[in-house]
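Down below is the structure, laid out as C-alpha coordinates.
The values are calculated or read from the model by the stated rules, or taken from the named source; none is laboratory data. Just so it is clear, the structure is predicted and the values come from calculations on it, not from any experiment. Here Cβ is always computed from backbone atoms with ideal geometry, including for glycine, and neighbour counts include all displayed protein chains. Accessible surface is based on the protein model in full, side chains and every heavy atom, while ligands, DNA and RNA are left aside. Shrake-Rupley method; radii C 1.70, N 1.55, O 1.52, S 1.80 Å.
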Amino acid sequence: MTPLSTKLSSRSSHLSSYPADWLVAGVFQDSPVDAELDGMLGGALTKLRESGDLTGKHLELVPMLNVAGIGAKRLLLVGLGNRSNTSRSTLHDAFAAALRSITGKRISRVIVALPERLPLDRLATTLAVGVGTIQGCYGPGIRKSEPSRFAPEEIVFYAAFEDEFLDRIRAEGTALTFAKELVNAPPCDLYPETFAARIAENPNVECEIWDEKRLRDERMGAILGVAEAASRPARLAILRYRNAGNAPTLALVGKGVTFDSGGLSLKTNDQMADMKCDMAGAAAVAAAIHAAADLGLKVNLLGIMPLVENMPGGRALKLGDVLKARNGKTIEVLNTDAEGRLILADALAYAAEQKPGHIVDLATLTGSCMMALGTQIAGVMSNNEEWSNRLIATAKRAGERLWPLPMDADFAENLKSNVADIKNVGANRYGGAILGGKFLEQFVAGIPWAHLDIAGPAWADHDSATKDAGGTGAYVRTLIELAASYSV
Ligand code: BES
Ligand code: MN
Ligand code: ZN
(Lines give C-alpha, C1' and ligand atoms only; values in the text may rest on other atoms or scores of the structure.)
(Ligands and ions follow the chains in the order given, each with its own letter.)
Protein backbone atom coordinates (compact mmCIF):
# COMPACT_ATOMS: atom_id res chain seq x y z
CA MET A 1 0.00 0.00 0.00
CA THR A 2 1.44 3.38 -0.95
CA PRO A 3 1.99 5.33 2.29
CA LEU A 4 0.26 8.71 2.51
CA SER A 5 2.53 11.64 1.72
CA THR A 6 0.82 13.55 4.55
CA LYS A 7 2.25 13.34 8.04
CA LEU A 8 -0.40 12.85 10.73
CA SER A 9 -0.09 13.84 14.36
CA SER A 10 -2.22 15.05 17.23
CA ARG A 11 -1.78 17.70 19.90
CA SER A 12 -3.97 19.12 22.59
CA SER A 13 -2.70 22.61 23.38
CA HIS A 14 -1.67 25.99 21.98
CA LEU A 15 -4.32 26.41 19.32
CA SER A 16 -3.85 30.14 19.86
CA SER A 17 -0.21 30.14 18.82
CA TYR A 18 0.47 26.98 16.83
CA PRO A 19 1.17 28.06 13.24
CA ALA A 20 -0.70 26.53 10.34
CA ASP A 21 -2.11 27.43 6.93
CA TRP A 22 -5.60 26.49 8.01
CA LEU A 23 -7.54 25.54 11.06
CA VAL A 24 -10.62 23.48 10.18
CA ALA A 25 -13.36 23.32 12.80
CA GLY A 26 -16.88 21.94 12.81
CA VAL A 27 -20.03 23.80 13.84
CA PHE A 28 -23.25 22.11 14.89
CA GLN A 29 -26.58 23.53 13.83
CA ASP A 30 -28.40 22.74 17.06
CA SER A 31 -25.75 23.64 19.63
CA PRO A 32 -23.76 26.72 20.60
CA VAL A 33 -20.48 27.45 18.82
CA ASP A 34 -17.24 26.09 20.31
CA ALA A 35 -16.64 28.29 23.36
CA GLU A 36 -12.85 27.90 23.45
CA LEU A 37 -12.43 28.87 19.80
CA ASP A 38 -15.00 31.65 20.01
CA GLY A 39 -13.09 33.05 23.00
CA MET A 40 -9.78 33.08 21.11
CA LEU A 41 -11.46 34.83 18.20
CA GLY A 42 -12.97 37.51 20.42
CA GLY A 43 -16.52 36.32 19.91
CA ALA A 44 -16.31 36.29 16.11
CA LEU A 45 -18.19 32.99 15.87
CA THR A 46 -21.05 34.25 17.98
CA LYS A 47 -21.30 37.33 15.76
CA LEU A 48 -21.35 35.23 12.61
CA ARG A 49 -24.04 33.08 14.08
CA GLU A 50 -26.13 36.10 15.04
CA SER A 51 -25.85 37.56 11.57
CA GLY A 52 -27.02 34.26 10.07
CA ASP A 53 -23.74 33.60 8.27
CA LEU A 54 -22.85 30.54 10.33
CA THR A 55 -25.81 28.20 10.59
CA GLY A 56 -23.91 24.93 10.96
CA LYS A 57 -26.07 23.33 8.28
CA HIS A 58 -24.48 20.08 7.11
CA LEU A 59 -21.66 20.78 4.59
CA GLU A 60 -21.92 24.58 4.93
CA LEU A 61 -18.43 26.03 4.45
CA VAL A 62 -17.50 29.41 5.94
CA PRO A 63 -13.87 30.38 5.29
CA MET A 64 -12.34 33.22 7.31
CA LEU A 65 -9.09 34.59 5.93
CA ASN A 66 -6.64 36.68 8.01
CA VAL A 67 -8.06 35.74 11.39
CA ALA A 68 -6.50 37.07 14.58
CA GLY A 69 -6.34 35.19 17.88
CA ILE A 70 -5.24 31.78 16.61
CA GLY A 71 -1.92 30.53 15.29
CA ALA A 72 -3.40 29.50 11.96
CA LYS A 73 -3.52 32.00 9.13
CA ARG A 74 -7.00 31.01 8.03
CA LEU A 75 -10.01 29.34 9.57
CA LEU A 76 -12.50 27.12 7.79
CA LEU A 77 -15.77 26.44 9.59
CA VAL A 78 -17.68 23.44 8.35
CA GLY A 79 -21.32 22.72 9.10
CA LEU A 80 -21.88 19.39 10.86
CA GLY A 81 -25.69 19.50 10.86
CA ASN A 82 -27.60 18.65 14.01
CA ARG A 83 -25.56 17.10 16.77
CA SER A 84 -28.53 14.87 17.59
CA ASN A 85 -28.43 13.37 14.06
CA THR A 86 -24.68 12.87 13.94
CA SER A 87 -23.40 9.63 12.46
CA ARG A 88 -20.00 8.52 11.29
CA SER A 89 -21.03 9.38 7.75
CA THR A 90 -22.26 12.94 8.50
CA LEU A 91 -18.97 13.78 10.22
CA HIS A 92 -16.87 12.01 7.61
CA ASP A 93 -18.60 13.83 4.77
CA ALA A 94 -18.32 17.22 6.45
CA PHE A 95 -14.57 16.98 6.93
CA ALA A 96 -14.09 15.49 3.46
CA ALA A 97 -15.95 18.48 1.99
CA ALA A 98 -13.91 20.90 4.09
CA LEU A 99 -10.55 19.49 3.03
CA ARG A 100 -11.60 19.20 -0.60
CA SER A 101 -12.31 22.91 -0.58
CA ILE A 102 -8.85 23.97 0.64
CA THR A 103 -6.53 21.48 -1.05
CA GLY A 104 -6.71 23.11 -4.48
CA LYS A 105 -3.59 25.07 -3.47
CA ARG A 106 -0.26 23.91 -2.05
CA ILE A 107 -0.43 24.02 1.77
CA SER A 108 1.92 22.71 4.39
CA ARG A 109 0.05 22.38 7.68
CA VAL A 110 -3.63 22.00 8.50
CA ILE A 111 -4.99 21.71 12.00
CA VAL A 112 -8.25 19.80 12.22
CA ALA A 113 -10.19 20.37 15.42
CA LEU A 114 -12.40 17.61 16.74
CA PRO A 115 -15.80 18.77 18.08
CA GLU A 116 -15.55 20.11 21.62
CA ARG A 117 -18.04 17.64 23.07
CA LEU A 118 -17.81 14.38 21.16
CA PRO A 119 -21.08 13.63 19.33
CA LEU A 120 -20.26 9.89 19.03
CA ASP A 121 -17.99 7.60 21.02
CA ARG A 122 -14.31 8.53 20.94
CA LEU A 123 -13.20 6.01 18.34
CA ALA A 124 -16.14 6.65 16.00
CA THR A 125 -15.69 10.43 16.27
CA THR A 126 -11.96 10.41 15.66
CA LEU A 127 -12.25 7.96 12.78
CA ALA A 128 -15.04 9.89 11.11
CA VAL A 129 -13.16 13.19 11.37
CA GLY A 130 -9.76 11.69 10.58
CA VAL A 131 -10.64 9.46 7.65
CA GLY A 132 -13.02 12.07 6.21
CA THR A 133 -10.18 14.59 6.37
CA ILE A 134 -7.87 12.26 4.46
CA GLN A 135 -10.55 11.44 1.92
CA GLY A 136 -10.77 15.13 1.08
CA CYS A 137 -7.01 15.48 0.54
CA TYR A 138 -6.40 12.93 -2.19
CA GLY A 139 -7.93 13.24 -5.64
CA PRO A 140 -7.64 11.54 -9.01
CA GLY A 141 -5.79 14.28 -10.91
CA ILE A 142 -2.28 12.93 -10.45
CA ARG A 143 -1.77 12.50 -14.19
CA LYS A 144 -2.53 16.12 -15.02
CA SER A 145 0.40 18.28 -16.03
CA GLU A 146 -0.79 20.74 -13.41
CA PRO A 147 -2.18 18.79 -10.44
CA SER A 148 -5.65 19.90 -9.33
CA ARG A 149 -5.24 18.88 -5.72
CA PHE A 150 -2.36 19.04 -3.25
CA ALA A 151 -2.34 16.91 -0.13
CA PRO A 152 -1.07 18.96 2.83
CA GLU A 153 2.38 18.06 4.14
CA GLU A 154 1.03 17.71 7.63
CA ILE A 155 -2.33 17.32 9.36
CA VAL A 156 -2.53 17.91 13.08
CA PHE A 157 -5.64 16.70 14.89
CA TYR A 158 -6.45 18.99 17.74
CA ALA A 159 -7.68 16.99 20.70
CA ALA A 160 -6.20 14.67 23.24
CA PHE A 161 -6.57 11.17 21.97
CA GLU A 162 -4.72 7.92 22.12
CA ASP A 163 -1.95 7.05 19.64
CA GLU A 164 -3.87 3.95 18.68
CA PHE A 165 -6.64 6.15 17.26
CA LEU A 166 -4.11 8.00 15.15
CA ASP A 167 -2.76 4.66 13.90
CA ARG A 168 -6.26 3.58 12.94
CA ILE A 169 -6.92 6.88 11.11
CA ARG A 170 -3.64 6.47 9.25
CA ALA A 171 -4.25 2.81 8.32
CA GLU A 172 -7.83 3.44 7.28
CA GLY A 173 -7.04 6.66 5.40
CA THR A 174 -4.16 4.94 3.62
CA ALA A 175 -6.38 2.00 2.66
CA LEU A 176 -9.16 4.25 1.41
CA THR A 177 -6.71 6.28 -0.67
CA PHE A 178 -5.00 3.14 -1.99
CA ALA A 179 -8.32 1.62 -3.11
CA LYS A 180 -9.29 4.89 -4.84
CA GLU A 181 -5.91 5.01 -6.58
CA LEU A 182 -6.19 1.45 -7.85
CA VAL A 183 -9.67 2.14 -9.24
CA ASN A 184 -8.53 5.42 -10.82
CA ALA A 185 -5.43 3.90 -12.46
CA PRO A 186 -5.96 3.61 -16.23
CA PRO A 187 -6.36 0.09 -17.59
CA CYS A 188 -3.18 0.47 -19.68
CA ASP A 189 -1.26 0.63 -16.39
CA LEU A 190 -3.41 -1.56 -14.19
CA TYR A 191 -4.10 -5.04 -15.53
CA PRO A 192 -4.03 -8.42 -13.79
CA GLU A 193 -0.24 -8.73 -13.49
CA THR A 194 0.33 -5.15 -12.34
CA PHE A 195 -2.65 -5.22 -9.98
CA ALA A 196 -1.21 -8.36 -8.37
CA ALA A 197 2.23 -6.77 -8.10
CA ARG A 198 0.84 -3.63 -6.47
CA ILE A 199 -0.96 -5.47 -3.67
CA ALA A 200 1.89 -7.86 -2.93
CA GLU A 201 4.28 -5.66 -0.95
CA ASN A 202 3.60 -6.00 2.76
CA PRO A 203 5.93 -7.95 5.05
CA ASN A 204 3.01 -8.90 7.33
CA VAL A 205 0.79 -10.29 4.60
CA GLU A 206 1.58 -13.47 2.73
CA CYS A 207 0.85 -13.09 -0.96
CA GLU A 208 0.52 -15.82 -3.53
CA ILE A 209 -0.05 -15.05 -7.21
CA TRP A 210 -1.26 -17.79 -9.52
CA ASP A 211 -0.42 -17.48 -13.22
CA GLU A 212 -2.34 -19.15 -16.07
CA LYS A 213 -0.49 -22.43 -15.76
CA ARG A 214 -1.29 -22.63 -12.08
CA LEU A 215 -4.90 -21.61 -12.78
CA ARG A 216 -5.13 -24.48 -15.27
CA ASP A 217 -3.57 -26.95 -12.82
CA GLU A 218 -6.01 -25.76 -10.15
CA ARG A 219 -9.04 -26.22 -12.44
CA MET A 220 -10.05 -22.56 -12.49
CA GLY A 221 -11.91 -22.95 -15.77
CA ALA A 222 -14.22 -19.97 -15.35
CA ILE A 223 -11.45 -17.42 -14.71
CA LEU A 224 -9.46 -18.75 -17.66
CA GLY A 225 -12.54 -18.70 -19.89
CA VAL A 226 -13.24 -15.02 -19.24
CA ALA A 227 -9.60 -14.07 -19.81
CA GLU A 228 -9.29 -16.08 -23.03
CA ALA A 229 -9.32 -13.20 -25.54
CA ALA A 230 -7.35 -10.66 -23.52
CA SER A 231 -3.74 -9.94 -24.37
CA ARG A 232 -3.16 -9.50 -20.63
CA PRO A 233 -3.22 -12.91 -18.92
CA ALA A 234 -5.35 -13.73 -15.88
CA ARG A 235 -4.04 -13.92 -12.34
CA LEU A 236 -5.45 -15.02 -9.01
CA ALA A 237 -4.08 -13.11 -6.03
CA ILE A 238 -4.34 -14.70 -2.61
CA LEU A 239 -3.54 -12.66 0.50
CA ARG A 240 -3.22 -14.29 3.89
CA TYR A 241 -2.97 -12.43 7.16
CA ARG A 242 -2.95 -14.71 10.19
CA ASN A 243 -2.76 -13.27 13.68
CA ALA A 244 -5.41 -15.12 15.67
CA GLY A 245 -4.10 -18.67 16.13
CA ASN A 246 -6.77 -21.23 15.39
CA ALA A 247 -9.72 -18.86 15.43
CA PRO A 248 -11.99 -19.08 12.37
CA THR A 249 -10.86 -17.24 9.26
CA LEU A 250 -12.80 -14.46 7.58
CA ALA A 251 -12.58 -14.86 3.80
CA LEU A 252 -12.87 -11.72 1.65
CA VAL A 253 -13.34 -12.21 -2.08
CA GLY A 254 -13.18 -9.30 -4.55
CA LYS A 255 -14.10 -9.05 -8.22
CA GLY A 256 -11.03 -7.91 -10.13
CA VAL A 257 -12.00 -7.19 -13.73
CA THR A 258 -9.37 -4.59 -14.63
CA PHE A 259 -11.39 -3.64 -17.69
CA ASP A 260 -14.86 -4.85 -18.68
CA SER A 261 -15.59 -4.33 -22.38
CA GLY A 262 -18.41 -6.87 -22.13
CA GLY A 263 -16.52 -9.35 -24.34
CA LEU A 264 -18.45 -10.48 -27.41
CA SER A 265 -21.60 -9.21 -25.65
CA LEU A 266 -19.90 -5.87 -26.20
CA LYS A 267 -20.95 -2.84 -24.19
CA THR A 268 -21.79 0.46 -25.87
CA ASN A 269 -19.26 3.28 -25.68
CA ASP A 270 -21.16 4.97 -22.86
CA GLN A 271 -21.54 1.78 -20.86
CA MET A 272 -17.85 0.99 -21.29
CA ALA A 273 -16.40 4.41 -20.50
CA ASP A 274 -15.96 3.84 -16.75
CA MET A 275 -15.29 0.11 -16.82
CA LYS A 276 -11.81 0.44 -15.39
CA CYS A 277 -13.77 0.57 -12.12
CA ASP A 278 -14.70 -3.10 -12.39
CA MET A 279 -11.91 -4.15 -10.03
CA ALA A 280 -13.18 -2.00 -7.14
CA GLY A 281 -14.18 -5.11 -5.15
CA ALA A 282 -10.68 -6.56 -5.37
CA ALA A 283 -9.17 -3.16 -4.53
CA ALA A 284 -11.32 -2.85 -1.39
CA VAL A 285 -10.40 -6.36 -0.26
CA ALA A 286 -6.66 -5.83 -0.75
CA ALA A 287 -6.71 -2.40 0.93
CA ALA A 288 -8.65 -3.67 3.94
CA ILE A 289 -6.34 -6.65 4.48
CA HIS A 290 -3.27 -4.43 4.36
CA ALA A 291 -4.90 -2.05 6.83
CA ALA A 292 -5.75 -4.92 9.19
CA ALA A 293 -2.13 -6.08 9.02
CA ASP A 294 -0.77 -2.56 9.55
CA LEU A 295 -2.95 -2.34 12.65
CA GLY A 296 -1.89 -5.77 13.84
CA LEU A 297 -5.53 -6.79 14.35
CA LYS A 298 -5.89 -10.17 16.03
CA VAL A 299 -7.75 -11.79 13.19
CA ASN A 300 -7.23 -14.40 10.48
CA LEU A 301 -8.01 -13.05 7.02
CA LEU A 302 -7.96 -14.73 3.64
CA GLY A 303 -8.29 -12.51 0.58
CA ILE A 304 -9.02 -13.93 -2.85
CA MET A 305 -8.95 -11.72 -5.92
CA PRO A 306 -9.56 -13.16 -9.38
CA LEU A 307 -8.02 -10.74 -11.87
CA VAL A 308 -8.92 -10.59 -15.56
CA GLU A 309 -9.57 -8.29 -18.50
CA ASN A 310 -12.88 -9.03 -20.24
CA MET A 311 -12.20 -8.51 -23.96
CA PRO A 312 -13.65 -9.53 -27.32
CA GLY A 313 -11.44 -11.22 -29.93
CA GLY A 314 -10.99 -14.29 -32.05
CA ARG A 315 -10.44 -16.51 -29.05
CA ALA A 316 -13.12 -14.90 -26.90
CA LEU A 317 -15.75 -16.83 -24.95
CA LYS A 318 -18.72 -17.45 -27.22
CA LEU A 319 -22.39 -17.52 -26.32
CA GLY A 320 -23.26 -21.15 -25.69
CA ASP A 321 -19.79 -22.03 -24.45
CA VAL A 322 -19.72 -24.18 -21.34
CA LEU A 323 -17.11 -23.61 -18.63
CA LYS A 324 -16.22 -25.90 -15.76
CA ALA A 325 -15.66 -24.11 -12.46
CA ARG A 326 -13.31 -25.12 -9.67
CA ASN A 327 -16.04 -26.99 -7.77
CA GLY A 328 -16.88 -29.10 -10.86
CA LYS A 329 -20.10 -27.25 -11.73
CA THR A 330 -20.60 -26.53 -15.42
CA ILE A 331 -21.77 -23.09 -16.55
CA GLU A 332 -23.40 -22.23 -19.85
CA VAL A 333 -22.34 -18.72 -20.89
CA LEU A 334 -25.19 -16.88 -22.60
CA ASN A 335 -23.88 -13.36 -22.04
CA THR A 336 -20.15 -12.68 -21.86
CA ASP A 337 -20.88 -9.40 -20.09
CA ALA A 338 -21.99 -11.36 -17.00
CA GLU A 339 -18.29 -12.15 -16.45
CA GLY A 340 -17.98 -11.11 -12.81
CA ARG A 341 -20.01 -14.04 -11.54
CA LEU A 342 -17.90 -16.41 -13.65
CA ILE A 343 -14.57 -15.41 -12.15
CA LEU A 344 -16.15 -15.23 -8.68
CA ALA A 345 -17.47 -18.78 -9.10
CA ASP A 346 -13.91 -20.14 -9.10
CA ALA A 347 -12.76 -17.73 -6.41
CA LEU A 348 -15.67 -18.48 -4.05
CA ALA A 349 -15.31 -22.22 -4.56
CA TYR A 350 -11.64 -21.95 -3.65
CA ALA A 351 -12.45 -19.76 -0.63
CA ALA A 352 -15.08 -22.26 0.55
CA GLU A 353 -12.56 -25.14 0.30
CA GLN A 354 -10.37 -23.36 2.86
CA LYS A 355 -13.25 -23.77 5.35
CA PRO A 356 -13.42 -20.17 6.59
CA GLY A 357 -15.93 -19.21 9.30
CA HIS A 358 -17.60 -16.69 6.99
CA ILE A 359 -17.24 -15.34 3.47
CA VAL A 360 -17.94 -11.86 2.09
CA ASP A 361 -17.57 -11.00 -1.56
CA LEU A 362 -17.53 -7.49 -3.01
CA ALA A 363 -18.27 -7.03 -6.68
CA THR A 364 -19.31 -4.34 -9.13
CA LEU A 365 -21.65 -7.01 -10.41
CA THR A 366 -24.80 -5.55 -11.94
CA GLY A 367 -26.33 -2.41 -13.36
CA SER A 368 -29.59 -3.81 -11.97
CA CYS A 369 -28.44 -3.22 -8.42
CA MET A 370 -27.95 0.45 -9.31
CA MET A 371 -31.46 0.52 -10.77
CA ALA A 372 -32.79 -0.88 -7.49
CA LEU A 373 -30.77 1.01 -4.90
CA GLY A 374 -29.14 3.95 -6.67
CA THR A 375 -25.53 4.97 -6.50
CA GLN A 376 -25.00 5.28 -2.75
CA ILE A 377 -26.17 1.92 -1.37
CA ALA A 378 -24.81 -1.54 -2.09
CA GLY A 379 -27.13 -4.55 -2.14
CA VAL A 380 -26.50 -7.47 0.21
CA MET A 381 -27.41 -10.98 -0.84
CA SER A 382 -26.74 -13.81 1.55
CA ASN A 383 -27.44 -17.41 2.45
CA ASN A 384 -27.46 -16.54 6.16
CA GLU A 385 -29.63 -13.88 7.74
CA GLU A 386 -27.54 -13.50 10.85
CA TRP A 387 -24.39 -12.85 8.83
CA SER A 388 -26.18 -10.47 6.52
CA ASN A 389 -27.60 -8.52 9.49
CA ARG A 390 -24.16 -8.37 11.03
CA LEU A 391 -22.75 -6.89 7.83
CA ILE A 392 -25.50 -4.29 7.62
CA ALA A 393 -24.88 -3.27 11.23
CA THR A 394 -21.12 -3.18 10.67
CA ALA A 395 -21.48 -0.95 7.61
CA LYS A 396 -23.73 1.39 9.57
CA ARG A 397 -21.13 1.71 12.30
CA ALA A 398 -18.52 2.46 9.64
CA GLY A 399 -20.73 5.18 8.13
CA GLU A 400 -21.63 3.24 4.97
CA ARG A 401 -24.93 1.87 3.72
CA LEU A 402 -26.10 -1.61 2.75
CA TRP A 403 -29.57 -2.89 1.96
CA PRO A 404 -30.68 -6.54 1.81
CA LEU A 405 -32.23 -8.06 -1.30
CA PRO A 406 -34.37 -11.23 -1.14
CA MET A 407 -32.80 -14.57 -1.98
CA ASP A 408 -35.88 -16.84 -2.15
CA ALA A 409 -35.26 -20.18 -3.84
CA ASP A 410 -37.58 -19.58 -6.79
CA PHE A 411 -35.26 -16.93 -8.24
CA ALA A 412 -32.82 -19.71 -9.08
CA GLU A 413 -35.35 -21.24 -11.53
CA ASN A 414 -34.24 -18.56 -13.97
CA LEU A 415 -30.70 -19.93 -14.04
CA LYS A 416 -31.57 -23.47 -15.17
CA SER A 417 -29.63 -24.42 -18.28
CA ASN A 418 -30.57 -27.00 -20.89
CA VAL A 419 -27.01 -28.18 -21.32
CA ALA A 420 -25.07 -27.37 -18.15
CA ASP A 421 -25.61 -27.22 -14.38
CA ILE A 422 -26.38 -23.51 -14.51
CA LYS A 423 -26.40 -20.62 -16.96
CA ASN A 424 -24.83 -17.26 -16.25
CA VAL A 425 -27.87 -15.07 -17.03
CA GLY A 426 -31.64 -15.33 -16.79
CA ALA A 427 -34.00 -15.09 -19.75
CA ASN A 428 -34.79 -11.41 -19.01
CA ARG A 429 -33.47 -8.50 -16.98
CA TYR A 430 -35.94 -8.70 -14.08
CA GLY A 431 -34.34 -9.12 -10.66
CA GLY A 432 -30.90 -8.99 -12.26
CA ALA A 433 -28.98 -8.20 -9.09
CA ILE A 434 -30.65 -11.07 -7.24
CA LEU A 435 -29.94 -13.53 -10.06
CA GLY A 436 -26.27 -12.57 -9.71
CA GLY A 437 -26.52 -13.39 -6.02
CA LYS A 438 -28.35 -16.67 -6.62
CA PHE A 439 -25.69 -17.65 -9.14
CA LEU A 440 -22.83 -16.99 -6.70
CA GLU A 441 -24.60 -18.87 -3.92
CA GLN A 442 -24.01 -22.08 -5.90
CA PHE A 443 -20.29 -21.84 -5.24
CA VAL A 444 -19.98 -21.22 -1.49
CA ALA A 445 -20.74 -24.78 -0.36
CA GLY A 446 -23.19 -23.64 2.31
CA ILE A 447 -20.67 -21.59 4.30
CA PRO A 448 -22.24 -18.40 5.75
CA TRP A 449 -21.67 -15.90 2.98
CA ALA A 450 -22.78 -12.46 1.88
CA HIS A 451 -22.40 -10.85 -1.52
CA LEU A 452 -22.16 -7.06 -1.70
CA ASP A 453 -23.09 -5.69 -5.11
CA ILE A 454 -21.13 -2.42 -5.04
CA ALA A 455 -21.68 -1.39 -8.69
CA GLY A 456 -23.29 1.92 -7.59
CA PRO A 457 -21.18 3.15 -4.67
CA ALA A 458 -17.78 2.08 -6.07
CA TRP A 459 -17.64 4.87 -8.61
CA ALA A 460 -18.65 8.54 -8.65
CA ASP A 461 -19.29 9.79 -12.16
CA HIS A 462 -19.05 13.46 -11.20
CA ASP A 463 -17.46 15.65 -8.53
CA SER A 464 -19.64 16.46 -5.52
CA ALA A 465 -19.08 18.46 -2.35
CA THR A 466 -17.73 15.43 -0.51
CA LYS A 467 -16.18 13.29 -3.24
CA ASP A 468 -14.07 13.61 -6.34
CA ALA A 469 -15.28 11.91 -9.49
CA GLY A 470 -13.80 8.45 -9.85
CA GLY A 471 -13.07 5.61 -7.46
CA THR A 472 -14.62 6.13 -4.02
CA GLY A 473 -12.99 3.44 -1.89
CA ALA A 474 -16.48 2.30 -0.93
CA TYR A 475 -16.71 -0.39 1.76
CA VAL A 476 -13.03 -0.26 2.70
CA ARG A 477 -14.14 1.26 6.02
CA THR A 478 -16.80 -1.41 6.43
CA LEU A 479 -14.30 -4.21 5.79
CA ILE A 480 -11.82 -2.81 8.32
CA GLU A 481 -14.62 -2.47 10.87
CA LEU A 482 -15.66 -6.05 10.08
CA ALA A 483 -12.11 -7.35 10.49
CA ALA A 484 -11.86 -5.47 13.79
CA SER A 485 -15.16 -6.94 15.02
CA TYR A 486 -14.06 -10.41 13.84
CA SER A 487 -10.86 -10.26 15.83
CA VAL A 488 -10.40 -12.34 18.98
N1 BES B 1 -19.29 -4.65 -14.52
C2 BES B 1 -20.63 -4.79 -14.93
C3 BES B 1 -21.64 -4.16 -13.96
C4 BES B 1 -21.56 -2.68 -13.77
C5 BES B 1 -22.42 -1.84 -14.48
C6 BES B 1 -20.69 -2.13 -12.86
C7 BES B 1 -22.37 -0.49 -14.29
C8 BES B 1 -20.64 -0.75 -12.67
C9 BES B 1 -21.48 0.07 -13.38
C10 BES B 1 -20.99 -6.27 -15.06
O11 BES B 1 -19.95 -7.10 -15.46
C12 BES B 1 -22.05 -6.36 -16.11
O13 BES B 1 -21.77 -6.07 -17.23
N14 BES B 1 -23.24 -6.80 -15.69
C15 BES B 1 -24.32 -6.97 -16.58
C16 BES B 1 -25.01 -8.26 -16.20
C17 BES B 1 -26.03 -8.71 -17.18
C18 BES B 1 -25.37 -9.08 -18.51
C19 BES B 1 -26.75 -9.89 -16.61
C20 BES B 1 -25.27 -5.78 -16.43
O21 BES B 1 -25.43 -5.26 -15.33
O22 BES B 1 -25.83 -5.35 -17.44
MN1 MN C 1 -19.72 -7.20 -17.54
ZN1 ZN D 1 -18.10 -6.50 -14.99
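Here are a few things to note about the model shown:
- Ranked packing of 53-65, 93-105, 444-456, most packed first, by mean Cβ within 10 Å: 444-456, 93-105, 53-65
- Of the trypsin sites (Lys or Arg not before Pro) found in region 419-477, the ones in coil according to DSSP and having at most 16 other Cβ atoms within 10 Å of their Cβ are 429.
- The residues of region 209-313 expose, per residue, 33 Å² of accessible area to a 1.4 Å probe.
- Computed about the Cα centre, the dipole magnitude for the chain is approximately 340 debye when only Lys and Arg (+1) and Asp and Glu (-1) carry charge, each at its Cβ.
- Per residue, region 7-161 exposes 43 Å² of accessible surface when a 1.4 Å probe is rolled over the protein heavy atoms with every protein chain present.
- Solvent-accessible area of the chain (1.4 angstrom probe, protein heavy atoms only): carbon and sulfur portion equals 50 percent.
- Cα Rg over Rh - region 123-281, Kirkwood: 1.03
- Between the C-alpha center of region 190-216 and that of region 311-339 there is a gap of 24 Å.
- Within straight-line reach of residue 267, meaning a Cα separation under 29 Å, sit the following lysines at least 8 residues removed in sequence or on another chain: 144, 180, 255, 276, 318, 324, 329, 416, 423, 438, 467.
- Ratio of Rg to Rh for region 184-485: 0.93 [Cα atoms; Kirkwood radius as inverse mean 1/r over pairs].
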